[in-house]
Amino acid sequence: MPGLLNAPAPAKSPSPSLAESKAIWSKKCDHITFDQLQKFWNELPLQARQKLLRIDKQALFEQARKNLYCSRCNGLLLEGFSQIVMYGKSLQQEGASSYLSRTGPTLKAHIDSDSDDMLDPSVHPWGGLAANRDGILTLLDCFINARSLRVLQNVFDSARAREHERELLYPDACGGGGRGWISQAMTNYGRGHGTRESCALHTARLSCDTLIDFWSALGDETRTSLLRMREEDFIERLMYRFDSKRFCRDCRRNVIREFKELKELKRMRKELHCTTWFCVADTSFQYEVSEDTVQADWHQTFTDSIGTYHHFEWAIGTGEGKSDILEFEDVGMNGKVQVKGLDLGDLSDCFITLKAWKLDGRCTELCVKAHAMKGEPCVHRRLIIGDGFVTITKGESIRSFFEHAEEAEEEEDDDAMDKDGNEIDGDGSRPQKHAKSPELAREFLLDAATVIFKEQVEKAFREGTARQNAHSIFVSLAPAKKSLR
């Protein structure tokens, strides 16, 4: 981008003094000394300086349209313009800094009081940009009123440096290099964000490393908010996933049933004791199963046991009602039992059967199931539903969270391809997915939730990065445009 010393002048100047500026500023650097430019600058009255260093909204966005294509980024640029106008108005209202509208003795007093810090464009929110009462972009008066031309040159040099930094940080974003809109027909872009009139910043798949770097820079409050969502929004995204995976009606009901079960657990304040080895979803009585230990606690289930029941028996088996792992054992009136030294690591399911014998000889039998998780956390340990919100925990680490979501997305991509690797057209030929068992329904619910919340983090990254990109475009584009004047 052109700097101060090598910038051409406009075709028409607003005053005789600015006509002189055209003659001088349009000369090549080899034909003019800095001292000559400094002398010219010192002789310019404040009003002429202000007219020289200003740009209206139309001129700015005409320049922007040459480099900015994406409708989303263009919208953020408009948003940035409004923020600069508000920033200028706040400076005028506060009057503490009195950057704008100073003349005569006030100007001299301000010049004498300028500090090195205030003359550094990087300390100002918009790189030295502000707006006057008419909404015209200009530079802060601390730069316009500066006695040394090097102060102004520093603004333009800083803008050029910011533009170079922006291009390095956001190589796939709008703002230069002739990049245009991403075509709707392009594949392998993120879902749920839209591809129409969007640059790669809004659409390209984000790597786990990129998301982890973004996550590391966030505060705890922001992290918590990104792993939390209104229940109605979550359900809407869940319905979208049902459609994309072509779930049958019965299997949709199964997943929704598990969702409601989680919600009911929160409402009833019931706590399940799932481990990384086994998921314990039944609520008939409390139990916990690991690779070598089983605990069961039914004292809250049979609160009237004294005077009603004679004794309790319990057993552990590989099927409902079976006792092939631990034979039925009479534990008297004990309401809590535990057995260690078992070998349950290779089981897919484990069942605990409880027989409560009454004094009249009748028996109440309860059976609960523990489903093997093979070291993976289950939905009960990850998803919390209540008070109108859905919250997910990151699990073992944020990296494992993003990798889990990525694996689920890759599964969906595989489902969307035929055996020859061609994308299925959506004509009904895509295989239908099922979640017929409660375990499969819970697995799908957790996978879907992980992807949904990953997409929420991605959206925050895209929006934040796009705003930073638009801000950088503004900081670099507007001073460069003014230097052309």
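Structural remarks
- Entries of Lys263/Lys394; Lys260/Lys436; Lys245/Lys369; Lys336/Lys374 with Cα pairs more than 22 Å apart: Lys245/Lys369; Lys336/Lys374
- Residue exposure sequence - Ile235, Ile452, Ile398 - by fewest surrounding Cβ within 10 Å: Ile235, Ile398, Ile452
- Separation between Cα centres of the stretch 312-328 and the stretch 221-244, rounded to whole Å: 40 Å
- Ordered by the number of other Cβ atoms lying within 10 Å of each residue's own Cβ, fewest first, Val280, Val339 fall into the sequence Val339, Val280.
- Each peptide in 203-209, 140-146, 349-355 receives the mean, over its residues, of other Cβ atoms within 10 Å, and ordering these scores from highest gives 140-146, 349-355, 203-209.
- Coordinate range along principal axes, alpha carbons of the stretch 275-376, Å, largest first: 43, 23, 20
- Each of Lys336, Lys454, Lys369 was scored by other Cβ atoms within 10 Å of its Cβ. Arranged with the fewest first, they read Lys336, Lys369, Lys454.
Readers should treat all values here as calculations from the given coordinates under stated rules, not as data from a laboratory. The structure displayed is predicted, hence computed values, not measured ones. All Cβ positions, glycine included, derive from the backbone under ideal geometry; neighbour counts span all protein chains shown.
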